[in-house]
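Worksheet for the structure shown next.
The values are calculated or read from the model by the stated rules, or taken from the named source; none is laboratory data. Worth saying up front: this structure is predicted, and the values here are computed from it rather than measured. Note: ideal-geometry Cβ built from the backbone for every residue, glycine included; neighbour counts use all protein chains shown. Please note that ligands, DNA and RNA were not included when accessible areas were found on the heavy atoms of the full protein model with its side chains. Shrake-Rupley method; radii C 1.70, N 1.55, O 1.52, S 1.80 Å.
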Amino acid sequence: MTVVKPTTSTDLPRTTKSSGRVKVKTPLKYDVLLGRRSSCWKHFGNMALRDAVDSYFDVYEKSKLRVEKTMIIADIVNEIQEKGGRFLKKDDQEEWYVADKKISIEKVGHIIRDKRAVMRQQIKRKSLCEQQKQGEIVDEYKTSCSDKTSGNGASGSISMRLRYE
């Protein structure tokens, strides 16, 4: 994919530097917006970041050494930056500024760990449902072991006490 970067200073959004931070008036397409707002989640740069994490995830999981994992996270940050993306955060005045490299690396690390937790939960849920279907688990409470793959649209949540026979 070819990324077209602005060629003149008039193509760039206006930035100002105050208190050691580079403030940004308008985020660009590949910028990653740090925050909990839905607008951050839906921003193109954040979606590109999640795609990059997905593409590196298996390599990250197979890595045994912390230094390898740190290098993978740095590769993801560099990939975003090579596309022209910056990691932006809002200050107390609700203005965007460019976050430093440490914050960018921490953000990517959180995304990878969150993805790992979600995947482990899905595996656990699937395993419990399979055990229940095979009669290995008797539930004492109402259980919903359906998931999106079963086609019925149920949530896939399991809230039960388990008793193994």
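Does D147 satisfy being farther than 30 Å from V22 by Cα, in contact with a Gly (Cβ under 8 Å, 6 or more places away or on another chain) and modelled with pLDDT under 95? It is true that D147 is farther than 30 Å from V22 by Cα, in contact with a Gly (Cβ under 8 Å, 6 or more places away or on another chain) and modelled with pLDDT under 95. The set of residues in region 24-77 being open to solvent by 60 Å² or more (accessible area, probe 1.4 Å) and small (G, A, S) consists of S38, S39, S55.
Residues are listed down the side, and each one gets a yes or a no for (1) more than 30 Å from R120 (Cα to Cα); (2) at pLDDT below 95; (3) not aromatic (F, W, Y):
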| residue | (1), (2), (3) |
| --- | --- |
| S38 | no, yes, yes |
| E61 | no, yes, yes |
| N78 | no, no, yes |
| K90 | yes, yes, yes |
| E94 | yes, yes, yes |
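Among the residues of region 104-137, those that are surrounded by 14 or more Cβ atoms within 10 Å (Cβ to Cβ), farther than 26 Å from G35 by Cβ and basic (K, R) comprise R125, K126.
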